[in-house]
Every structure is written in structure tokens, then in C-alpha cells.
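To start, the structure itself, in C-alpha cells.
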Amino acid sequence: MDFLSNRSESAIRKEIRGIRDSYHHYWDLLAELLQNSRDAINRKKKTGANGPFFIHLEIDAGSNTVTVIDNGVGIPKGKLHEMLAPGGGDKDGSGNEVGEKGVGLTYAVFSGNNFSIESQVIGENAVIGRVSSAQSWLNDLPGSTRPIFLEDASVVGKSGQMKFPSVETGAPPAAYPLDSYTKITVGNITPPESDINIFLLTAQQLKVLIQTRTAIGVTSR
């Protein structure tokens, strides 16, 4: 899937670099992904769903990878192409959601070289796919090619529940429904040399960052 349309590469690079440059802080990727998860959960709550709801964050310093999973409303397959493209987000600008820029997925795709997404809305099969070498292409590195979204049509998606260890000693794992969900992974990220590297932060530093610089505010279940 060519989610960058048929425009020239120079024009697309210019637009995406403008999106990238509209973010200013080393924590922006975490903040963007987490606020999108919170918005997705709030949308699901408005449908009358009872939950329970979760947002799960993984940071792998060995491969410079960030993964965020939530059981919010999910992304319809028919909208994914639009949401990956520059300026094609699903924010309506009404002010009712945390994320209002509408370019978060584009920013996430081009923040690293291994982007993958898995998402499912209630009553539909999941859409699963990946984009490779997007950051290298954006930086116009030798040998990089125009990124495309490669869908894996062989995977149906999850069902049932996702379980996490309980915070109470001896208690059974906490289970969360997966009738709809989104999992986004951004890997092989090259942080700017002029800024703080989130993959070098301690667990305590990451905890404070999440509590004070993202839409989550809490780091416990």
C-alpha cells in the first residue's frame, strides 16, 4: 500500500519534515502514542463499553524500540491508509480529545526504521502490517527507498483477553478484553544527537517522564 500517494518524493519529504519539526521534545513519541491510546479508550467508553481498559507501554533499550498497546476503539482497516499519510489523521479539531494535531501516526512511522501496527475494531478482522526504513528515507540516506505499507493478510487478529501480572502478591493476573485494540511498535529509532536519548534513561526517570509529560499521568495499573 503506497500511503504516500503519487506526489514527488521531494514534496512528500518536505511535508513530513515539517510534521517532524513541529514536535520539539525528546519525549514527543511517547507522548503522541500514549495520548492516542487514551483518546481511543475514551472513544470506546462513549459507545457504552464497560472495559476494563488498559494501556501497556514497552521500551526496549537494546533495539531502540517503543511499543504501545491499548484496548480502545481500534482503527478501521478502511481508514488506516488515510491515517498513515501526512495530514490524514482522524482528529476532528473539536477540542474533546487529548491529541488534536492529527498527524501522530505519520510522525510515529518516520521516527524509526521498523514501524508495525496491528489494530482491530469490534466485529471486524484485524489489520496488520509494517513500514520499513521510513526514517532512513526521510533523511535521504543512500540506498533508502520510498516506504510502503506491507499488509499481512494471513493474520486474523487477537480474540479473548490480554493478561498482566497482578500488583497484589498472590492475586491472579488481571484480564482485559480484546474485542478491539491497537498495537503500535516503532523500532530502530535513531534519537537526535542534540537531544536526550530516551533509551538511556533509568526506569525512575522514565516513570517521572510519563507522569509529567504525557496524557497518562500514572504508571501503575
Study note, to complete from the structure: HN-Hα couplings for region 135-146 via Karplus (6.51, -1.76, 1.60; θ = phi - 60°), in whole Hz with x for Gly/Pro, come out as 5, 5, 5, 4, 7, 6, 6, x, x, 6, 10, 4
Review point. What list of whole percents do you get for P(r) of region 36-87, with Cα-Cα distances grouped in 5 Å bins up to the one holding the largest distance?
Key: 4, 17, 19, 20, 19, 14, 5, 1, 0
Check your understanding: Fully extended, how many nm does the chain gain between residue 2 and residue 46 (0.36 nm per residue separation, minus their Cα-Cα distance)?
Key -> 12.5 nm
Practice item. Give a residue-ordered list of calculated ³J(HN,Hα) values for region 72-83 (Karplus: 6.51 cos²θ - 1.76 cosθ + 1.60, θ = phi - 60°; whole Hz; x for Gly, Pro). Key: x, 6, x, 10, x, 4, x, 9, 5, 4, 5, 6
Revision key, fill the gap. Here region 11-26 yields Karplus 3J(HN,Hα) values (6.51, -1.76, 1.60; θ = phi - 60°; whole Hz; Gly and Pro given as x) of 5, 5, 4, 4, 5, 5, 5, x, 5, 4, 6, 6, 9, 10, 10, 5
Check your understanding: Using modelled backbone amide H atoms (1.01 Å from N, in-plane), which distant-in-sequence or interchain residues come within less than 5 Å of residue 3's amide H?
Key -> 149
Revision key, fill the gap. Quick tally, 1.4 Å probe accessible area for 73, 131, sorted with the most first, runs 73, 131
Review point. Rounded to the nearest 0.05, what FRET efficiency do residue 9 and residue 195 have when you use their Cβ-Cβ distance and R0 = 25 Å?
Key: 0.40
Practice item. Step through the table entries 79/207; 45/79; 45/163, compare each Cα-Cα distance with 22 Å, and write down the pairs that go over it. Key: 79/207
Check your understanding: Distance in nm between label sites at residue 20 and residue 179, each 7 Å beyond Cα in the beta-carbon direction?
Key -> 4.1 nm
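What does the charge dipole of the chain about its Cα centre add up to, to the nearest 20 debye, if the Cβ of each Lys and Arg holds +1 and the Cβ of each Asp and Glu holds -1?
Details: 22 positive and 24 negative charges, 68 e Å.
For this selection, approximately 320 debye.
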Review point. Which value, in Å² rounded to 10, gives the accessible area of residue 7 with a 1.4 Å probe and all protein chains present?
Key: 100 Å²
**Study point:** Helix-derived mean residue ellipticity, 222 nm - over the chain, DSSP H n ≥ 4, -39500 (n - 2.57), to 500
**Key:** -8500 deg cm²/dmol
Review point. Roughly how many percent of the accessible protein surface of the chain is carbon and sulfur, given a 1.4 Å probe and a whole-percent answer?
Key: 50 percent
**Study point:** Neighbourhood charge, 15 Å Cβ-Cβ cut-off, centred on residue 137 and excluding it, Lys, Arg +1 and Asp, Glu -1
**Key:** +3
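Could you calculate the contour length gain from residue 202 to residue 146, that is, 0.36 nm times the residue separation minus the distance between their Cα atoms, to one decimal place in nm?
Using 0.36 nm per residue and subtracting the Cα-Cα distance, I get 16.6 nm.
Report the percentage of all Cα-Cα pairs in the chain whose separation exceeds 30 Å, rounded to a whole percent. Display every interim value, and only then the final one.
Details: 5371 of 24310 pairs.
The answer is 22 percent, as a whole percent.
The values are calculated or read from the model by the stated rules, or taken from the named source; none is laboratory data. These numbers were taken from a predicted model, which means no experiment stands behind them. Note that each Cβ is placed from the backbone with ideal geometry, even for glycine, and that neighbours are counted across all protein chains shown. Just the protein is used for accessible areas: all its heavy atoms, side chains included, with ligands, DNA and RNA removed. Shrake-Rupley method; radii C 1.70, N 1.55, O 1.52, S 1.80 Å.
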